[in-house]
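First comes the structure, then the notes that go with it.
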Amino acid sequence: MNTNDFVILPGSKTGTSVRLKAKTVRELQLEKVQLETENKEIEKKLRQLQSNMSREKEERKKSNAYHWKSGRAGPMTIQARLLSQSKANNNKV
């Protein structure tokens, strides 16, 4: 038996080891490299998205774009009154 075929897993009891085939170790190393590459690409996309969003936010502030403000209390319109009455009638049935 070759001692290089054994790897101690993190979080395992001291001295506990698992035998891994050389092919599996190579596969894990390749997967690690692939995941690191994907991680860098995703971080780059995230930074681009954040910069785009902050740029758009600044543009909206500069243009004083219209935004909705809360409504005001006032007399109900005829349509609103009829709608609320029909809802009340439906609840009674």
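Estimated from the Cβ-Cβ distance and a Förster radius of 35 angstrom, the FRET efficiency linking Leu83 and Arg60 is about 0.55. Taking label points 7 Å from Cα along the Cα-to-Cβ direction, Leu46 and Leu30 give a separation of 2.8 nm.
Counting only heavy atoms of the protein chains and using a 1.4 Å probe, Lys45 has close to 130 Å² of accessible surface.
The values are calculated or read from the model by the stated rules, or taken from the named source; none is laboratory data. Computed from a predicted structure; not experimentally measured. Cβ atoms come from the backbone with ideal geometry, glycine included; neighbour counts cover every protein chain shown. Accessible surface is based on the protein model in full, side chains and every heavy atom, while ligands, DNA and RNA are left aside. Shrake-Rupley method; radii C 1.70, N 1.55, O 1.52, S 1.80 Å.
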